[in-house]
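Beneath this line is the structure, given in structure tokens, with notes to follow.
The values are calculated or read from the model by the stated rules, or taken from the named source; none is laboratory data. It should be emphasised that the depicted structure is a prediction, and the values quoted were computed from it without experimental measurement. Using ideal geometry, Cβ is built from the backbone for each residue, glycine included, and neighbour counts are taken over all protein chains shown. For the accessible areas, the whole protein counts, side chains as well, though only heavy atoms, and no ligand, DNA or RNA atoms are used. Shrake-Rupley method; radii C 1.70, N 1.55, O 1.52, S 1.80 Å.
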Amino acid sequence: MFEPVLLKNVYVPDGHLIATYEAGGGYRALEKALKEYTPHDIVELVKRSNLRGRGGAGFPTGMKWSFVPKRADKPKYLCCNADEGEPGTFKDRIIMERDPHQLIEGMAISAYAIGAEVAYVYVRGEYVLAIRRLEQAIAEAEAKGYLGARILGSDFNFVVHVHCGAGAYICGEETAMLDSLEGKRAQPRLKPPFPAVAGLYASPTVINNVETLVCVPHIVARGADWFRGIGPEKSPGPKLYCVSGHVRKPGLYELPMGIPLRELIEDHAGGPPTGRKIKAVIPGGVSAPVIPEQGLDVGMDFDSLAAVGSMLGSAGVIVVDDTTCMVRVATRIIEFFHHESCGKCTPCREGLNWVVKVLRRIEAGEGAAGDMEQLDMLCKGIFGNTFCALGDGAAMGLRASLTHFRDEFVAHIEERRCPFV
Amino acid sequence: MTMREKIEQAAARYPDRRSAIMPALLIAQRQHGHLPGPVLEEVAEILGVERIWVYELATFYTLFHTEPVGKFHLQLCDNVSCMLRRSEDLLRHLEDVLGIEKGGTTADGLFTLSTVECLGACEMAPVMQVGDDYHGNLDIARIDALLARLRATVPHSIGADLAAAEPPGE
């Protein structure tokens, strides 16, 4: 039986208070890290655990940390990406609202590992409750000596600041987030240099997602072998799945990495509403290419989903039933990317504008011969030609819709109406 | 604390005062309701940064409003997870009962109605943010009750007629 660890505290009354967190064993991993391990040991431990970044890209966390230069004449920074903007994703919000100390402990251990004394948590501005809870938790942790100078009698000093975002999906892209933190418009930077070498204020910087950071105390407490023993060897660990859309029990589920998508939806999220059938599932937020019903036996991990042409992304699982028009879903997704395009590069800014126009006219029953070819051409013009992954995500998702549900698009054009209205 | 003191407190968290523009704008907007030109200039003056740096952030990020918004800003999510749970029915209902279109503000200045991108609360879709608070698992009855509750919080000087005409809140 799988024992949830990341959500252990989330449903406990007053789980957000330090007394509750300590009573459940909280901050003992930090104490263990500072007393028993060197920073290098922690990096090696996390490498051995095979923890991969939960923000979407799945990059090995220990390896990311090891890119930070050991000696630097500038301060090092830890940034926590809590800008959670990928539609269908709400896991980081729930962690911050209900168990903010878990994140603070994860940040403290991670900062110790990379040699950072300052961290910024970039939280999207809409998450007012999460921001308040996090600020309260930081004050509590400072008062108890888990943050501040000479933490728990060690020579490790560490402070955490909350930085509120102001509504821009692009801030989830790590270099755009850094520009935003520096007080600029959020636009992605050219890489290299990578943030580990020259990130925030041109200093060595590690950016990790909330869920990635909250895995760290558990790895320290229970060991790399425990973590690697959950789910697939190459992308292991406990995982948070956000399930929404046409299911009877939408919600946040903690289950092993690699669980079959069908099992997640049918056994845990209650399956589709009575009398409906699943048509398709978006497995990892709207950037992740849609999977038709017959593909639902895929495992929910980075490698298995990549092998079927989709991605785990943020594990925002959106279930779509058989009453739904896939052209409408595709249109809404592209409208989102068009709205959130930062405007820096032409294929994304102009390409998505064009795609939205074509999709809207198809959905309205005003599609023309040649529109399908035009959409294919636009995907080709965007994919691989943009500055960051926003345009790629939009094009990949649209391509999957055009491939798996081509009949629906063609029916709209031929019948000159939406068959689902 | 004055706005200037709050902004100075925020600026102390960063090695570079330019980083404090975003928090300063959030502080200023909380104080003034929106961010007209003179407020942007005041923020630039307090932080000692270029005015253009302040303007460009105020116009880039969607949570900043350079034009006034109603006392209650109804921000209904219509991204995919909410759309699948019929957020468009709620939008139509809100437009009908408030007598405004999406993007508009009621004549009494109480309500501004907007649709927004994913609020990150899809487990309780359809969801709407009003001020600092999220309201989830919405249907038409819950929307009506919420509007009545919001109106009931307003003193008699504004919106009194509307509040009196509504059924009592939950």
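Results, tabulated for the structure shown:
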| item | result |
| --- | --- |
| For segment A:18-228, the fraction of alpha-carbon pairs in successive 10 Å shells from zero, as % | 9, 38, 39, 14, 0 |
| Heavy-atom accessible surface that A and B bury in contact, both chains counted, 1.4 Å, Å² to 100 | 3700 |
| Interchain or long-range residues, amide H under 5 Å from A:VAL162's placed H | A:VAL121 |
| Over the protein assembly as shown: helical MRE at 222 nm, DSSP H runs n ≥ 4 each giving -39500 (n - 2.57), nearest 500 | -12500 deg cm²/dmol |
| Heavy-atom accessible area, 1.4 Å probe, ligands and nucleic acids excluded: residues of segment B:45-80 down by at least 30 Å² from chain alone | B:GLU56, B:LEU57, B:PHE60, B:TYR61, B:THR62, B:LEU63, B:ASN79, B:VAL80 |
| Cα convex hull of segment B:18-58 - mean projected area over all directions, nm² | 2.3 |
| Rounded Å value of the spacing that divides the Cα centres of segment A:304-358 and segment A:6-27 | 37 |
| In sequence order, calculated HN-Hα J values of segment A:233-246 (Karplus, 6.51, -1.76, 1.60; Hz; x Gly/Pro) | 3, 8, 9, x, x, x, 9, 9, 10, 9, 10, 9, x, 7 |
| Per-q log10 I(q)/I(0), segment A:1-131, q = 0.15, 0.20 Å⁻¹ (Debye; single scatterer per alpha-carbon; no solvent) | -0.82, -1.40 |
| Selection from A:ASN209, A:PRO13, A:VAL319, by position along the positive dipole direction of the protein assembly as shown (Cβ) | A:ASN209 |
| In degrees, nearest ten, helix A:128-143 long axis to first principal axis of chain A (Cα) | 10 |
| Shielding score for A:174-186, defined as the mean number of other chain Cβ atoms within 10 Å | 4 |
| Cβ-based charge dipole, segment A:30-89, positive-most Cα from A:GLY58, A:TYR37, A:PRO87 | A:TYR37 |
| Number of partner chain Cβ atoms within 10 Å, mean per residue of A:87-97 | 4 |
| List of segment A:247-289 residues, accessible area with partners at least 20 Å² below that of the chain alone (1.4 Å probe) | A:PRO250 |
| Burial order of peptide ranges A:256-265, A:169-178, A:79-88 (average beta-carbon count within 10 Å, highest first) | A:79-88, A:169-178, A:256-265 |
| Per-selection metrics, chain A (Cα): Rg and Dmax in Å | 21.9, 74 |
| Shielding score for B:111-124, defined as the mean number of other chain Cβ atoms within 10 Å | 6 |
| A:ALA307 versus A:THR38: modelled label distance in nm, points set 7 Å from Cα along the beta carbon direction | 3.9 |
| Peptides ranked, highest mean first, by Cβ atoms within 10 Å: ranges A:319-328, B:45-54, A:107-116 | A:107-116, A:319-328, B:45-54 |
| 28 Å Cα-Cα threshold exceeded, pairs from A:LYS91/A:LYS357; A:LYS47/A:LYS144; A:LYS144/A:LYS184; A:LYS64/A:LYS380; A:LYS8/A:LYS47 | A:LYS91/A:LYS357; A:LYS47/A:LYS144; A:LYS144/A:LYS184; A:LYS64/A:LYS380 |
